[in-house]
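The values are calculated or read from the model by the stated rules, or taken from the named source; none is laboratory data. As the structure is a prediction and not an experimental result, all values here were calculated from the model. Cβ coordinates were reconstructed from backbone atoms using ideal geometry, including for glycine residues, and neighbour counts include every protein chain displayed. When the accessible area is computed, the model is the full protein with side chains, heavy atoms only, and any ligands, DNA or RNA have been set aside. Shrake-Rupley method; radii C 1.70, N 1.55, O 1.52, S 1.80 Å.
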Protein chains: 2
Amino acid sequence: MPETDPSARPPEPEPGPASTRERLLDAAAQLFLERGYAATGVAAVLEKAGVRSGSLYHFFRSKEDLLLGVLDRYIELLHPVIIAPVEALTDDPIERVFVLLGRYREFLLMTDCRLGCPIGNLALEISDTHEEARRKVVQNFENWCAAVERWLVDAGKRLPADVDRAALARYVLTVMEGGQMQAKAQKRIEPYDASVAGLRDHVLRLTANDE
Amino acid sequence: MPETDPSARPPEPEPGPASTRERLLDAAAQLFLERGYAATGVAAVLEKAGVRSGSLYHFFRSKEDLLLGVLDRYIELLHPVIIAPVEALTDDPIERVFVLLGRYREFLLMTDCRLGCPIGNLALEISDTHEEARRKVVQNFENWCAAVERWLVDAGKRLPADVDRAALARYVLTVMEGGQMQAKAQKRIEPYDASVAGLRDHVLRLTANDE
DNA sequence: GTCTATAGAGTGATAGAC
DNA sequence: GTCTATCACTCTATAGAC
């Protein structure tokens, strides 16, 4: 149903206070990250958003539907919040991979390694029990990997021709998630740093024949 | 309080039907793995164990205490169930690493990639909210890494002298957990295989100067 | 679109008989 | 050590006024 009156523009995304729906998504995203999906009660989301239950169930059919909304938003935010800033920081395609991992490091440090990766947490918690949410988690991972893969393709001959760029991109995600998990468990950044250092060493050896 | 009567041996671990405490731990471990900790109700544990709540609260002070029992049991089972069988399968210290990863692969396949790693799942779910459980998760990870590190030390000169064995062992855990997470999300073994293949390539390059 | 009030089921945990 | 019965609370979701 498109808006027929051309003077009334529909989204107006940024300016002014966030809409109720936005505040609900914000509150839910943060609580799901801090406590997990199952451990977060709808009441906590309502309180954090400053909203009553009637409003929540006006925008979302259920708590699970709210989760889907949160995962959709993560999909939307990937490029503007994660990928684009990295590409603005450096043009070197391989360095972009490590700048990306460096920004996850900053997030871990900012939160004292308490929270971890929002998608990774949800991936393990809901993949086996919430099929629709699982598919959106997969979409998040796929888009992330596709962006990294683009950089690896841009690296051209710096990587051996027989190195599968898509597989290497997934491997970068593996190292990020595995390192983040250990950092969260240990509440220390060192396991994450050690993981990224391992990947760095691997990539260094892959690009050793650099011209 | 040690048993003073020498004819009454205390543990008698294996024979006969499992004790009530054991059945509760079995049921809880499986449900926490299938549904997660928060999403598992005490009632479900009771039903699966065929026990009434009075018995559960005789052995465990709370649901959280039951979680600690599950994590303690994982610590106990690491060597007999995970490490020793791998060491029986091959003497080659580096191959042991990949046999270990191969056995996790078998478990993923047996469960259609639905469940993932019991410790990894709990690590992300409870690390920020259940401090005592978090410490037991860390102990699980530490013991796992220590076993892998021993193998890497046994590899001697096949690995360059400047390669930190402990760091590489943690990196193996990173790859296992990161790969397992993606396999669980995608419900396909391929992301796990790709992750292990990436590690294999890395280790191959590390041991390229093998005598 | 947001509010109040509440339904109805489920939660972790406890008391006390046996 | 295991049972039954039950408490006090929280959970997700809905109804209906405004």
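Remarks
- Normalised alpha carbon radius of gyration of the protein assembly as shown [divisor 2.2 N^0.38 Å]: 1.08
- Over chain A, accessible surface divided per residue gives 49 Å², non-protein components excluded, 1.4 Å probe.
- To the nearest 10, the accessible area of B:PHE32 is 10 Å² with a 1.4 Å probe.
- Residue-averaged beta-carbon neighbours from other chains (10 angstrom radius) around B:134-145: 2
- Dipole moment magnitude, nearest 20 debye, the range B:12-60 about Cα centre, only Lys, Arg, Asp, Glu C-beta charged: 220
- Accessible surface buried by the B/A pair amounts to about 3700 Å², both sides summed, 1.4 Å probe.
- Longest to shortest principal axis, alpha-carbon extents of the range B:64-206, angstrom: 46, 29, 28
- Cross-link reach list, lysines versus B:LYS63, counting only Cα pairs under 18 Å and skipping chain neighbours closer than eight places: B:LYS48, B:LYS136
- Cross-link reach list, aspartates and glutamates versus A:LYS184, counting only Cα pairs under 12 Å and skipping chain neighbours closer than eight places: A:GLU34, A:ASP112, B:GLU125, B:ASP128, B:GLU131
- Rolling a 1.4 Å probe over the protein heavy atoms of the protein assembly as shown, with every protein chain left in place, gives an accessible area that is 52 percent carbon and sulfur.
- Karplus-based coupling profile of the range B:103-120, in residue order and whole Hz: 6, 4, 4, 4, 5, 4, 5, 4, 9, 6, 6, 7, 9, x, 8, x, 6, x, with θ = phi - 60° in 6.51 cos²θ - 1.76 cosθ + 1.60 and x standing for Gly or Pro.
- Helix A:165-186 vs. chain A, principal-axis angle (Cα, 0 to 90°, nearest 10): 70
- Coil-residue trypsin sites (Lys or Arg not before Pro) of the range A:69-124, DSSP, other Cβ within 10 Å capped at 16: A:ARG114
- Using the rule -39500 (n - 2.57) for each DSSP H run of four or more residues, divided by the residues of the protein assembly as shown, the 222 nm mean residue ellipticity is -22000 deg cm²/dmol.
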